[in-house]
Each structure stands twice: as structure tokens, then as C-alpha cells.
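The values are calculated or read from the model by the stated rules, or taken from the named source; none is laboratory data. Everything quoted here is computed from the prediction, not taken from an experiment. Glycine gets a Cβ as well: all are built from the backbone with ideal geometry, and neighbour counts include every protein chain shown. Note: accessible area is taken over every heavy atom of the protein model, side chains too, but ligands, DNA and RNA are not part of it. Shrake-Rupley method; radii C 1.70, N 1.55, O 1.52, S 1.80 Å.
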Amino acid sequence: MTQHADLAPDTLTVAAGRPPREHDSPVNPPIVLSSTFHETAPPTGSDRIYARMSNPTWDPFEEALGQLEGAALPALAFASGLGAAAAALSLVPTGGVVVIPRHAYGGSVSLALAEEARGRLSVRQVDIADTEQVLSQLDGADMLWLESPTNPMLEVAETAVLTDAAHAAGAAVVVDNTFNTPLVCRPLDYGADVVLHSVTKYLAGHSDVVLGALVTSDPELRSQLTSYRTLHGAIAGPFEVWLALRGLRTLALRMERSQANALELAVRLEQHAAVQRVRYPGLPNDPGHERATAQLKGYGGIISIELGSREAADALVEAVRLWLPATSLGGVESLVERRRRQPGEPTTVPEALVRLSVGIENVEDLWSDLNAALSSAANTR
Ligand SMILES: Cc1ncc(COP(=O)(O)O)c(C=O)c1O
């Protein structure tokens with residue numbers, strides 16, 4: 001597969017992961033639906049033996065994502081983001097310690113806590129925006145889990161400082177880069193060991209796929225993660241991976257539009273009488289603004305707002321017509337959800353917090369729907 005180190009990231013999303021340029025060959029990689037592959041004599045030493053170990057449809061996606069994250073090696077596709085998280089956590093030795101943001105994606109925290117409950121490892125939950133607190137928890141840690149901005153509180157960590165401190169303490173650093181995508185941040189550049197994606201979200205981008213991925217430049221880590229994937233066996237389906245590569249082709253345009261829409265909506269939401277607080281790192285008075293500006297190439301497409309009460313938040317989700325009331329994020333369509341509706345959400349997330357995943361629709365249509373729904377929700381007690 002061609003390396004494109006010289007290309008800009010938005011070009012890479014289009015150019016990476018193409019089949020070799022040969023006469024009559026397709027410009028897009030085909031979906032290979034085969035569970036097994038011809039054997040040759042003598043054996044070649046390739047892992048193209050059985051489709052749980054490797055699959056030709058994974059290769060172009062893994063190649064493209066690896067290049068986008070600036071990795072020296074292709075990514076690894078997993079059946080879901082949480083499947084990728086389980087593989088990443090498996091790098092913690094038995095009896096080891098994981099430091100994780102208390103407001104990281106709820107599934108990742110629940111998974112770490114479930115591992116703790118069965119005695120596999122111990123978990124230290126931290127306020128990831130509080131650098132001093134995180135530093136104080138790194139002694140004896142085996143892994144620092146970073147998610148920045150966090151889901152759904154949108155707290156921003158000092159990622160490079162924490163990564164250096166974790167390494168000095170002997171801990172590996174895993175970064176969930178789902179919210180940012182490699183177009184907004186490349187954690188390997190500041191020294192992270194493993195990058196995680198819920199590909200389900202922005203990378204695939206159309207809310208029609210569940211998929212995950214891990215990226216690393218370390219051959220030893222990649223080999224351990226590959227063994228985990230092969231042995232645990234919950235692998236990605238070829239069709240899902242093919243759809244994800246198709247989605248990746250438009251990532252730059254989708255991110256540009258979604259972020260522009262989000263910034264415009266965040267500014268307007270700040271002025272709305274029914275909104276008590278807007279969390280969006282793109283707003284100059286957001287606590288994470290300075291760090292986000294220094295560390296990221298954009299502020300993302302997710303906004304969290306707090307209304308006057310849980311009832312008002314529920315009423316907002318009921319009242320929207322264009323926005324879709326659903327969980328998840330990062331698709332072309334705008335989604336709205338009161339996060340505490342999810343049973344696993346920590347109680348430190350306010351009951352009246354509503355997460356907005358801003359899509360690529362016309363911003364005026366999004367605003368008029370939201371504005372009307374907010375005004376009607378404000379009358380709910
Ligand atoms: C930040 C983040 N990481 C990981 C996941 C888990 O990904 P998946 O749903 O693909 O398993 C999610 C899902 O919402 C997420 O938002």
C-alpha cells in the first residue's frame with residue numbers, strides 16, 4: 001500500500017488505503033467475504049490464513065487510519081469502540097493500576113470498574129482537567145487513560161504534560177480520540193502509546209456502523225493487541241470496515257461543517273434565557289478554551305447544555321423536530337440526548353445536562369428547531 005507522508009490530512013482521508021494503481025484494477029478496495037484463504041506450499045509466513053486473524057478488507061482501512069494518526073504502523077480494527085477499549089485495558093498487567101477520567105465515556109469507565117470488581121486491576125478515577133490531582137495519582141500506575149474533551153462534560157486535559165508524567169511514572173498512555181478525530185488531534189505526536197477510536201462515531205460518520213480501532217507505533221504493543229484480537233475473537237465484520245473507509249473519505253468536510261455549526265450554535269445558546277450553562281471548548285469563557293486552543297486544531301462538534309431542571313431537559317428532547325432524540329454522536333445528522341437517561345452515567349453529570357451532537361445540516365434550520373424547542377421546554381417545571 002502507498003505511504004503518503006507528504007500529503008495533508010484532508011487529502012489523506014481521500015487518498016490513503018487505495019488498491020495499487022494497476023491496469024483494470026478497481027479504485028476502491030473490494031469487500032472480501034471469505035472466512036479462509038488458499039494455502040501455498042511452501043508457507044509464506046503471512047497471517048492471511050483465516051479471517052479471524054486478518055482480512056483483506058481490514059487492510060485499507062487500517063492503513064488509512066494509521067497514516068491519519070501519524071503512526072508508523074497500520075491501525076487495528078475491532079468489532080466496536082468498547083471492544084477496542086477491552087483490548088487496550090488488557091495491556092494492564094494483572095494487579096495493575098489504571099488512572100481514568102471520572103467523566104470518560106461511561107462504557108470505558110464501567111469496563112475498568114468491572115475488571116476491578118473481579119480483582120483483575122484497580123482503578124483510580126480522576127478529574128482529568130485538574131492536572132495536580134492527576135499527577136498525584138500516577139505513582140504506581142500502569143496505565144493513564146486520557147479522553148479530552150471528556151464525554152459529555154467536555155473537560156479538557158493538559159494532555160502532553162500528563163503523558164510525560166505518566167511515562168516518567170512507568171505508565172502507558174491510552175488516548176480515546178473519538179471526539180477529536182485525527183484531523184483535530186494526533187495523540188501519538190505528543191507521545192501517547194495507543195490511540196483508541198469508536199469508529200462508530202465521526203470516522204464512519206453515518207450512524208450505520210458499530211466499529212472500533214486502536215493505533216500504535218510500537219511493534220511490541222501492536223503485536224500484543226493483535227494477539228488479543230485473534231484470541232478473543234470478537235472481530236470486525238468486513239462490511240462494517242468497508243463502510244467505515246467509505247465514511248472516512250468525507251471526514252474532513254463533515255468535521256469542518258459540524259464544527260462550524262457547533263461554534264455558531266454554542267454562541268447562540270449562551271444567549272438563550274432557557275440555557276443555564278453551555279459547555280463547549282470553542283467558547284472563549286469555557287474553562288477548557290485556552291488548553292483546547294493550544295492543543296487542538298478545532299473545538300469539535302459536541303456541545304453540552306444545562307437547562308433549569310431534568311423535566312425541562314426531557315421536554316427539550318421531546319420538543320425537537322429536526323434534531324433526532326437518540327444516543328451516540330458523530331453522524332451527519334444532529335442528535336440530542338439527556339445523558340443521565342443512561343443508567344451508567346455518573347451522578348456528577350448534572351441531571352439537566354443535554355448533549356448535542358451537531359451534524360452537517362444547515363445551521364439556521366438547526367437553530368430554529370432548537371430555539372423553538374428550548375422556548376417551549378422553558379415552560380416545563
Ligand atoms: C468517547 C467514546 N469512546 C468509546 C465509545 C464506545 O464505542 P462503541 O459504541 O463503538 O463501542 C463511545 C461510544 O459512545 C464514545 O463516545
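Which one of the conditions (1) surrounded by fewer than 23 Cβ atoms within 10 Å (Cβ to Cβ); (2) more than 18 Å from Ala71 (Cβ to Cβ); (3) assigned by TED's automatic domain parsing to the domain that holds Glu155 does Val209 fail to meet, given that it meets all the rest? Failing condition for Val209: (1).
Being over 30 Å from Ala352 (Cβ atoms), touching a strand residue (DSSP E or B) at 6+ places or on another chain (Cβ under 9 Å) and acidic (Asp, Glu) is the requirement here; does Glu155 meet it?
Judged against the criteria, Glu155 is not a match.
Yes/no per residue for (1) free of Cβ contacts under 8 Å to residues at least 12 places away in the same chain; (2) open to solvent by 10 Å² or more (accessible area, probe 1.4 Å); (3) away from the ligand (no atom under 15 Å from the Cβ); (4) not β-branched (Val, Ile, Thr):
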site	(1), (2), (3), (4)
Gly301	no, no, no, yes
Gly308	no, yes, yes, yes
Asp314	no, yes, yes, yes
Ala319	no, yes, yes, yes
Ser328	no, yes, no, yes
Glu333	no, yes, yes, yes
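Pairing each residue of region 106-117 that is of a type outside the set (D, E, K, R) and in a helix (DSSP H, G or I) with any residue that is open to solvent by less than 20 Å² (accessible area, probe 1.4 Å) and within 11 Å of the ligand (Cβ to nearest atom), provided the two are 6+ apart or on different chains, yields C-beta distances under 6 Å for Ser108/Ala85; Leu111/Ala85. Only one of the numbered conditions (1) of a type in the set (Lys, Arg); (2) more than 25 Å from the chain's Cα centre (by Cα); (3) closer than 19 Å to Ser198 by Cβ is not met by Arg321, and that is (3). When Ser34 is tested against (1) more than 16 Å from the ligand (Cβ to nearest atom); (2) within 30 Å of Leu183 (Cα to Cα); (3) at pLDDT 95 or above, exactly one condition is not met: (2). The set of residues from region 154-166 being within 16 Å of the ligand (Cβ to nearest atom) and of a type in the set (S, T, N, Q) comprises just one member, Thr159. Being of a type in the set (Phe, Trp, Tyr), closer than 30 Å to Thr131 by Cβ and not assigned by TED's automatic domain parsing to the domain that holds Pro56 is a property that does not hold for Tyr202.
Pro343 meets the conditions (1) on the phi < 0 side of the Ramachandran plot; (2) within 26 Å of the chain's Cα centre (by Cα); (3) surrounded by 15 or more Cβ atoms within 10 Å (Cβ to Cβ) in every case but one. The failed one is (3). Exactly one residue among Val123, Val99, Val109 is within 16 Å of Thr178 (Cα to Cα) and of a type in the set (Val, Ile, Thr), and that residue is Val109. Looking at region 67-79, which of its residues are farther than 10 Å from Ala213 by Cα and either within 16 Å of the ligand (Cβ to nearest atom) or open to solvent by less than 10 Å² (accessible area, probe 1.4 Å) (or both)? Correct list: Leu68, Glu69.
Inspection of region 117-131 finds a residue satisfying the criterion of being within 15 Å of the ligand (Cβ to nearest atom) and touching an Asp or Glu at 6+ places or on another chain (Cβ under 8 Å).
Kindly check whether there is at least one residue in region 24-31 that is modelled with pLDDT of 90 or more, within 17 Å of Leu243 (Cα to Cα), charged (D, E, K, R) and assigned to a loop (DSSP other than H, G, I, E, B).
Scanning region 24-31, I find no residue that is modelled with pLDDT of 90 or more, within 17 Å of Leu243 (Cα to Cα), charged (D, E, K, R) and assigned to a loop (DSSP other than H, G, I, E, B), so the answer is no.
The residues in region 80-105 that are more than 10 Å from the ligand (Cβ to nearest atom), in contact with a Gly (Cβ under 8 Å, 6 or more places away or on another chain) and assigned to a loop (DSSP other than H, G, I, E, B) can be counted, and the count is 0. When the strands (runs of 3 or more DSSP E) confined to region 167-277 are screened for residues that are under 27 Å from Leu353 (Cα atoms) and within 16 Å of the ligand (Cβ to nearest atom), those reaching at least 2 such residues are found at 172-176, 194-198.
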